[in-house]
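Only one structure is covered here, and it is reproduced in the block below.
Values quoted throughout were computed directly from the atomic coordinates according to the rules given, and no laboratory measurement underlies them. In this text, all values refer to a predicted model and were calculated from it rather than measured experimentally. Neighbour counts run over all protein chains shown; Cβ positions are idealised from the backbone, glycine included.
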Amino acid sequence: MARPRVELDWEEGLFRGLLSLWHRWAPGHAEPGPGAVLLEDEKGALSVLAQLLSAEPVRLLPARDVGGIRGRDLLLPRCFDLAPDHETNRRFLIVRTAISAAMRRLSRDRPRMATGPATPLDSLRLAHDAIEWLTNELPAFAREHEAALGRALQVRPDPTSLRGRARLLEESRQRAMRGDRPWLDAGLREAIERAPVSGPESRGIPIWGELIETIDAEDVEHDTPEEGHRESDVESEVAAPALEALRRVELDPREKEEAVLVHNFEKVETLDRFDGNIRDTDGADELEAHIEALEEVDLGDLVRDDDDTHSILRADLSLGLDVPDVRSIGPDEHGIPYDEWDARKKRYRRNWCTVYPSAMRAANPSWGALAVARHGRLIRELRRRLEVHRTELRPRDRQFDGEDVDLAALVDAHGARCAGRGLDPRLYVRQERRRRSFATTVLLDVSLSTDAWVGDHRVLDIAREAILVLGEVTDQLGDQLQLLAFASHTRNRCRVWELKAWGDAWSLARDRLGAIEPQGYTRIGPAIRHAAAGLASTPADRRLLLLVSDGKPTDYDRYEGRYGIADIRQALRETERQGVHSHALAVDEVARAYLPPMFGPGSWDILTHPDRLPEVLTTVYGRLTSG
Amino acid sequence: MTPASPPTPGLAPVPKEPPWYRPVGNECELFETAFRQQVPLLLKGPTGCGKSRLVEHMAARLGRPLVTVACHDETSAVDLSGRYLVEGGDTVWQDGPVTRAVRSGAILYLDEFAEARSDVVVVIHPLTDHRRTLYVERHDEQIEAAPGFMLVVSYNPGYQRGLKELKPSTRQRFLAATLSHPDPDVELEILQGETGIDTANGKKLCALVHKLRELEPLGLAEMPSTRLIVNAARLIQAGLPARMACDAAIVESLTDDAEIASGLRDLVALVF
């Protein structure tokens, strides 16, 4: 990412130099040794292990320090460097993952009775219980843990080198590592609370990890500020470094109103605690100018605020909804260029449009559950209908065995016998099922025109319920389905959201489908070309593109009328050449002027009764995939 | 074009010693009662939980020959009832497995019955009620089942959800029993009965498979079965190192995904 040059005072520059030096040399920030294991390399295998031991889908996230468990998230050290060699480090990291997963399991099954935040002693106790559980469950765990623990004890600091609270904590941790149970000591608990905090801290135990306070996602969601602030204009986005723990920070309202300018150099004496000052929480899009400052921000602090957001620092927090906007393109997004057909000049405008494929992370599970319940009967009925259609039998001649005699073969055999030649014993006709593989992409128009109403329903709601029914049916039949939604904002910003990738579980796509909202314009050509390119590279006997849209081309930069229709018609010709068959469905009358000339006879349906769309969409699908 | 291969089940003699079977519940009593009362039996349960073994065991205990047909989605009525073969200039009738079992009063076991084509069900229906007859259409013959004939079908409910289900009209003709994965203690007994593995290794294998059955979040197609650890125990008994045995018999047979396999191996390493 290009970083803008910012004019700095010489003092500011000196401060930054000191800060980066500090990060390099301070304890806990040491450079990893040659045998270190990076979490990133092992994440896949470790998350399988963690899920097995916690018996639920957990997420592995990198931690800046020793990490621990935070609800369903297991935070593991980003870089594991306890032993000198790689192999041993990997073994130890497995032990750590197992302990974290077991801690998660135990903390879920028997929630902590105590109120108030978790203390380090609670962490030790939970880790101890987890180790006991693992030792019972996995015969070789004790041996592996013993080895890791021995090594971890060697590198603990001498408690006498620490002061105050840190010293008490270090003593407790070492006692626990030697098999003692310091959490039973009520006096110690109190002493730790009262002890003054000074000097270097006692780090958590890297092979155990800590119990980290969770911030209840529900709580955060329901805690939304007053109405009217919902619509936010996010203008830019950068990725944040990994984080470990979230603390809720109560912001003094006065502090917020007048974010005091603090000169960074004033902080030089407390360099080890520098976390980027308090920044103004409101503002226009100034992110570009603040990237350097943002890199210093301590992401562990969560601040609740009711002002509009104009810039986003994208961190792996996933507290709220997350739908990439059609108008803004993130700095690390890569667009795919597509040609567009210029009808007047009768030639392509090369690489004219840029399509940004984006994953859809937002989800609305309740919508899907309600819609499935509403259409349950229809889904069952359609599935049965398609299944019957699919399992039609077709005769295969000249079989060794079968339901009927193959007359032609019999005549041949008789002739052969009369001529004294050998006889082919394959004299039967056998009924067999036709089998073909299909790949289908559903392309859903989510432009603002779908915000219109037909009867009592919004166009987009009708369309997505229809897609939901189709998705349920294809999922039960085991067909391949991809689900894309598209909208555009000029030729440079055509966005295609992937609601369901080929391999995704349908249940995920259903949740995402519920979260999509109308936005932008309708530049259909690039979306069709993008979908067709994906389809063409998917192995299948037949490929099908279903467009759910009114078909009316509109975009900010005069993508309309004859020009737009000609481009879409050309895009459809290209898809046909790629072996992709396309079909369009619409519910509003607008479509009658557009779909027929573009799609040609028999390749479109416009429904006068929107309620029938779910049934018709799936029936069309069934018809097209049975031939 | 590949010709459909003709099924070739034979009537094997009844073994003197019934194959080893450790009952998990009261399925043996149920089987025997169903046999005495001449009611067909439906066995449900995940793959590798011992359905076929139960049938073999009971057939031998009851002293009946056993005819097993593994059904697949091209299994047709013709395959089961019989056909004419062309030999030289003549045609010769050959009984299918069902016809043979009905004539000889054997126990007929249709494995994965739901997979078979719907015309098979029509053939089976008159055998499942008071008529106990088989009509061989092509031969135009009505065969009454010999005493001792019993129909047992198996079906795996979790498999291919929603696609292959038995029709209610078929299901209600059967007594039904569900076999499930055994408790760790029973599983250890089964493992030792099957392979004679020592208690220490046997316990480890049972602990491993018990953990693996919590696999649901990984989205594997099928739960790991007792069969998997029986195979692993065989390899260990044959002298293979334990981790290698688990790798070949369990990890590799559960998944093709390299990352999941690596995670499963890590778990094996925490057990052995």
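Across the range A:558-627, the mean sequence separation of Cα contacts (distance under 8 Å, 6 or more residues apart), normalised by length, yields a relative contact order of 28 percent.
Computed FRET efficiency, Cβ-Cβ of A:Leu393 and A:Ala147, R0 56 Å: what is it to the nearest 0.05? FRET efficiency, A:Leu393 to A:Ala147: 0.35. Along each principal axis, taking the top coordinate minus the bottom one, the Cα set of the range B:184-271 gives 32, 24, 19 Å in descending order.
With label points built 7 Å along Cα→Cβ from the Cα atoms of A:His457 and A:Arg569, find their separation and express it in nm. Reported label-point gap for A:His457 and A:Arg569 is 3.1 nm. About the centre of its Cα atoms, the range A:32-211 shows a dipole size close to 360 debye [charges on the beta carbon of Lys, Arg (+1) and Asp, Glu (-1) only; nearest 20 debye].
Kirkwood Rh over Cα pairs of the range A:32-211 into Stokes-Einstein at 37 °C, 0.692 mPa s: D in µm²/s? Before the final figure, lay out each step's value.
Details: Rh = 16.6 Å.
This corresponds to a translational diffusion coefficient of 198 µm²/s.
With a Förster radius of 56 Å applied to the C-beta separation of A:Arg385 and A:Ala195, the computed FRET efficiency comes to 0.15. About its Cα centre, the dipole of the range B:27-178 is roughly 560 debye, where the only charges are +1 on Lys and Arg Cβ and -1 on Asp and Glu Cβ.
Taking Cα centre as origin and charging only the Cβ of basic (Lys, Arg, +1) and acidic (Asp, Glu, -1) residues, the dipole magnitude of the range A:393-433 rounds to 120 debye. The Rg/Rh ratio for the range A:324-427, using Cα coordinates for both the radius of gyration and the Kirkwood hydrodynamic radius, is 1.39.
For peptide B:204-210, the mean count of partner chain Cβ atoms within 10 Å of a residue's Cβ comes to 2. Close amide-amide hydrogen proximity is noted between A:Asp406 and A:Tyr428, A:Val429, each under 5 Å apart and 5 or more residues distant or on a separate chain (H modeled in the peptide plane; Pro and chain starts excluded). Using the Cβ-Cβ distance between A:Arg562 and A:Arg436 with R0 set to 30 Å, the FRET efficiency works out to roughly 0.20. Each Cα pair under 8 Å and six or more residues apart adds its sequence gap; the mean of these over the residue count of the range A:32-211 is a relative contact order of 25 percent. Largest GNM mean-square fluctuation among B:Gln38, B:Gln192, B:Gln142, using chain B with Cα springs under 10 Å: B:Gln142. Three principal axis extents of chain B based on alpha-carbon atoms, in descending order, are 63, 45, 39 Å. To the nearest Å, what is the center-to-center distance of the range A:518-568 and the range A:89-107, using C-alpha atoms only? Here the two parts' Cα centres lie 48 Å apart.
What trypsin sites (Lys or Arg not before Pro) does the range A:123-199 have in DSSP loop regions with at most 15 other beta carbons within 10 Å? Passing sites in the range A:123-199 are A:Arg163, A:Arg178.
Along the Cα→Cβ direction, 7 angstrom out, place labels at A:Ile336 and B:Trp20. What is the inter-label distance in nm? Going from the A:Ile336 label point to the B:Trp20 one covers 5.7 nm.
How large, in Å, is the range A:393-433 by the Kirkwood hydrodynamic radius built from its alpha-carbon pairs? If you can, show how the numbers build up before the last one.
Working: mean 1/r = 0.0974 Å⁻¹.
By the Kirkwood definition, the hydrodynamic radius is 10.3 Å.
The mean count of C-beta atoms from other chains within 10 Å of the C-beta of residues in A:41-49, rounded to a whole number, is 6.
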